[in-house]
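The values are calculated or read from the model by the stated rules, or taken from the named source; none is laboratory data. Please read all numbers here as calculations on a predicted model, not as lab measurements. Neighbour counts run over all protein chains shown; Cβ positions are idealised from the backbone, glycine included.
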Amino acid sequence: MGSGAVVAAGSAGTWTLGDREVNRLGFGAMRLTGNGMRGNSAEEAGGRERAIRVLRQAVELGVNHIDTAAFYFSATRSANELIGRALAPYPDDLVIVTKVGPGRGPSGEWLDPATPEELRGQVEENLRQLGRDHLDVVNLRRMGQESIAEHFGALAELREAGLIRHLGLSSVGPEHLAEAQAIAPVVCVQNWYGLDRRLADDNGLLDACGEQGIAFVPFFAIAGERREAGADDAPDAASAVDDEVRAVARAHGATPAQVRLAWTLHRGPHVLAIPGTGNPDHLAENVAAGALRLSPDEWNRLNALGRAAA
């Protein structure tokens, strides 16, 4: 892809998320909080300032869809606080998507998932941290329960009360989407999905979202099965998929991470991407992936290998 002109997030096209048009290449804020629960060291302080610069750079590059959560925090910083510090007063076109369901204590320990009655407190905490009087989109993160009706119904009531504009789901199957749609409109589904992690293809969820005009938003799209644990680039572990990804990347002068993002965006106009990073250079590379166009042959080769690995 070269390293010349800066590529903006709009190069991947747009999608209407709820009632707002967003660029399909967005940003995930989870990685901004650092790894682990380290002390207030100079490294952590520097990381905080760099995270603020990355957020501002993302918006400058045209990112207008940011994914976050109140439970994204470390000992020294939280994603929501960083977003507010970096971007408030918020641009008119910025859509901030948060999620509720998981619970964490003040020292970072994971707690039991929120009950339906506790979701209001989680929504209010996101409002407080972000400094807003309403949330653009709130995803209910399913925590293993078979039915999400009570939890989603509680969020639907908060939507009616004006605290939430639009509702989404995370870590769900087609049956959960149908259950939620019977209660209130769903504007997005956020699931683990990538070239070598393709359950949403096998169970038809990705296509079902497209047919219903619902955004499908993968997380861990770059690293797939190996997840994005502590590295901004795709892993180096050798596999047939990795080898093919590298070959396509060389042909385009791109990185393997860019090829994986491009493949994800090629899956359909309703598929969005929210790669996260705390590295300004990786941010620019991720945004530039929206301009990478795979040839039919490259698409078929990657698709076949991905299906075999899924």
In the stretch 147-174, what residues are more than 22 Å from the chain's Cα centre (by Cα) and not hydrophobic (A, V, I, L, M, F, W, C)? 147, 150, 153, 157, 160, 162
Taking residue 254, is it modelled with pLDDT of 95 or more, outside any loop (DSSP other than H, G, I, E, B) and among the hydrophobic types (A, V, I, L, M, F, W, C)? no
Go through (1) surrounded by fewer than 24 Cβ atoms within 10 Å (Cβ to Cβ); (2) farther than 19 Å from residue 220 by Cβ one by one and return the number of the condition residue 180 breaks. (1)
Examine the stretch 31-46 for a residue that is surrounded by fewer than 18 Cβ atoms within 10 Å (Cβ to Cβ), assigned to a helix (DSSP H, G or I), in contact with a helix residue (DSSP H, G or I) (Cβ under 8 Å, 6 or more places away or on another chain) and at pLDDT 90 or above, and state whether such a residue exists. no
Subset of the stretch 266-303 [among the hydrophobic types (A, V, I, L, M, F, W, C) and under 21 Å from residue 240 (Cα atoms)]: 294, 299, 302
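Matching residues to (1) of a type in the set (Asp, Glu); (2) modelled with pLDDT of 95 or more; (3) buried (at least 22 other Cβ atoms within 10 Å of the Cβ):
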{"site": "94", "(1), (2), (3)": "no, yes, no"}
{"site": "101", "(1), (2), (3)": "no, yes, yes"}
{"site": "108", "(1), (2), (3)": "no, no, no"}
{"site": "126", "(1), (2), (3)": "no, yes, yes"}
{"site": "168", "(1), (2), (3)": "no, yes, yes"}
Since residue 184 meets every condition but one in (1) in a loop (DSSP other than H, G, I, E, B); (2) under 24 Å from residue 287 (Cβ atoms); (3) out of contact with any Ser or Thr (no Cβ under 6 Å at 6 or more places or on another chain); (4) among the aliphatic types (A, V, I, L, M), which condition does it not meet? (2)
Any pair with Cβ under 9 angstrom, 6 or more apart, that starts in the stretch 273-301 at a residue that is farther than 27 Å from residue 189 by Cβ and ends at one that is part of a loop (DSSP other than H, G, I, E, B) and not polar (S, T, N, Q): 279/232; 281/232; 284/6; 284/7; 284/61
